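Reviewing the structure listed below.
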Amino acid sequence: MRAADGRGVVGAPPEGAIPERGPDAVVAALRERVEEALRQLLRRELSDAPPEVAEPIRYAVLGSGKRVRPLLLLAAREAAGGNGSRAPGAAALACSVELVHTYSLIHDDLPCMDDDVLRRGRPTLHVRYGSGPAVLAGAALMPLAARTVWRSGEELGLSVRDRRRLLTTLAAASGGSGMVGGQLGDLRAEGRRISREELEEIHRRKTAALMVASIRMGGIAGGADPELLERLERLGGQLGLAFQAVDDILDVTGSDRQLGKKSGRDRALGKATYPSVLGLEEAGRVSRELAARARRELSGIRDDRALRAIIDYVIQRTR
Ligand code: GRG
C-alpha cells in the first residue's frame with residue numbers, strides 16, 4: 001500500500017509482509033507467491049534444457065500441489081524476522097524445497113516404487129511421458145534445487161557460511177538418513193505389522209525430515225538464533241507427523257476426485273499407516289494431538305501468524 005506521493009502509508013505493514021487476514025487468506029497469499037516464483041524459476045532455468053526434459057519438469061512442478069513445504073520456509077523466515085516474503089530471493093529459496101519434494105513424488109509414483117497413476121488430479125509423470133523421462137526429470141530436479149538454494153541465498157544477501165548451512169540442511173533431509181531412508185522403511189514395512197514407534201520413525205524420515213528442513217532453512221534465511229532454530233525444528237517435526245497422519249486418514253476417507261490421487265492405495269499396497277496401526281479414530285486423535293504440540297512451540301515466537309495458519313491448514317485440509 002503506497003500513498004499518492006509514493007511514501008509508505010503510516011501504519012501499513014512493511015512492504016512484502018504477510019497481510020493481516022484470516023488463516024486461509026494467509027496461506028493463499030503465500031501460495032500465490034510460491035506459484036509465481038516457480039513459474040519464473042522454470043522459465044529461467046529450463047530455457048537451455050532439451051524439451052524432452054523441460055516439458056516433463058514443467059508438468060510435474062507446475063501441477064496443483066499444496067506447496068506446504070515452501071509455505072513453511074517462508075513462514076519460518078518471517079517468524080525469524082526476515083523482512084517480507086517479497087524480498088528478492090525469498091520465494092525462490094522456498095521453491096528449492098518444492099523441487100526436491102516434486103522429485104520425490106515423481107520417483108515415488110514409478111512402477112518400481114508405489115506404481116501410482118494419478119497425482120495432483122492428472123496422470124502421473126511416467127504415465128504421461130514414460131518411465132525414462134520421469135526418472136530423468138526427477139534426477140534433474142535435485143541439482144536444480146541445489147543451484148536454486150545457492151543463487152537465492154546470494155540474492156537474499158546471505159553469507160557463504162549460511163548458504164552452506166542451507167545446502168547441507170536440504171541435502172541431509174533428502175538423503176539416506178532422511179527422505180530416501182524413510183522411503184526404504186516404508187517399502188520394507190509393506191504387509192507387516194509394526195508398532196507406532198516404528199511407524200513414526202519411518203514418517204519422521206520420509207515426510208517430516210523435508211518439512212523440518214524447510215522450516216530450518218526459513219529460520220536460517222531469517223537470521224534465527226540457535227534457540228529459535230531448535231524450536232522451529234521441533235515444531236516442524238510434530239507438524240510433519242501430523243501432516244502424514246492426516247494424509248493417511250484422507251487415503252481412507254477421501255475420494256479420488258477430492259484428493260487428486262487414487263484413494264485407498266495404502267490399503268491396497270499393505271502400507272503401514274496411522275489408521276492401519278492405530279485405527280481410524282485413534283489416528284484422528286493423534287493427528288490433533290501432534291498439531292497441538294506443534295502449536296505449543298509457537299509460544300516463544302513473536303511473529304507466528306503464518307506458521308499458525310499453516311498448522312491449522314495442515315490439520316483441517318481435505319486434500
Ligand atoms: C531415489 C528411487 C528414489 C526414491 C527417492 C521416492 C522417495 C525417495 C521418497 C518418497 C517419499 C515421499 C513421497 C514422501 C512424501 C509423502 C507425502 C505425504 C507426500 C504427499 O505430499 P503433499 O500432500 O503433495 O504435500 P502435494 O501434491 O500437495 O505437493
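Here, each number is a calculation from the coordinates, and none is a lab measurement. Just so it is clear, the model here is predicted, and its values are computed rather than measured. Cβ coordinates were reconstructed from backbone atoms using ideal geometry, including for glycine residues, and neighbour counts include every protein chain displayed.
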Inset, instruction - Name the one entry in A60, A75 that is in contact (Cβ under 8 Å) with a residue 24 or more places away in the chain, more than 30 Å from D225 (Cα to Cα) and assigned to a helix (DSSP H, G or I). - result: A60
Inset, instruction - Give region 210-227 a look and list any residue that's part of a helix (DSSP H, G or I), more than 10 Å from the ligand (Cβ to nearest atom) and buried (at least 19 other Cβ atoms within 10 Å of the Cβ), or say none. - result: V212, A213, S214, I215, R216, M217, G218, G219, I220, A221
Inset, instruction - Take the residues in region 277-319 that are free of Cβ contacts under 8 Å to residues at least 12 places away in the same chain, part of a helix (DSSP H, G or I) and over 13 Å from A242 (Cα atoms), then tell me which one is nearest to the ligand (Cβ to nearest atom). - result: E281
Inset, instruction - Scan region 237-254 residue by residue and report those that are more than 14 Å from E200 (Cα to Cα) and in contact (Cβ under 8 Å) with a residue 40 or more places away in the chain. - result: L250, G254
Legend entry - Lone unmet requirement of (1) within 16 Å of the ligand (Cβ to nearest atom); (2) over 18 Å from the mean Cα position of the chain (by Cα); (3) surrounded by fewer than 16 Cβ atoms within 10 Å (Cβ to Cβ) for P143: (2)
Legend entry - Tally, over region 151-209, of residues that are crowded, with 21+ Cβ neighbours inside 10 Å, away from the ligand (no atom under 16 Å from the Cβ), assigned to a helix (DSSP H, G or I) and more than 16 Å from the chain's Cα centre (by Cα): 2
Legend entry - Hits in region 116-140 (condition: part of a loop (DSSP other than H, G, I, E, B) and either within 12 Å of the ligand (Cβ to nearest atom) or closer than 19 Å to A37 by Cβ (or both)): D116, R120, G121, T124
Inset, instruction - Answer yes or no as to whether L144 is more than 28 Å from R216 (Cα to Cα), in a helix (DSSP H, G or I) and in contact (Cβ under 8 Å) with a residue 24 or more places away in the chain. - result: no
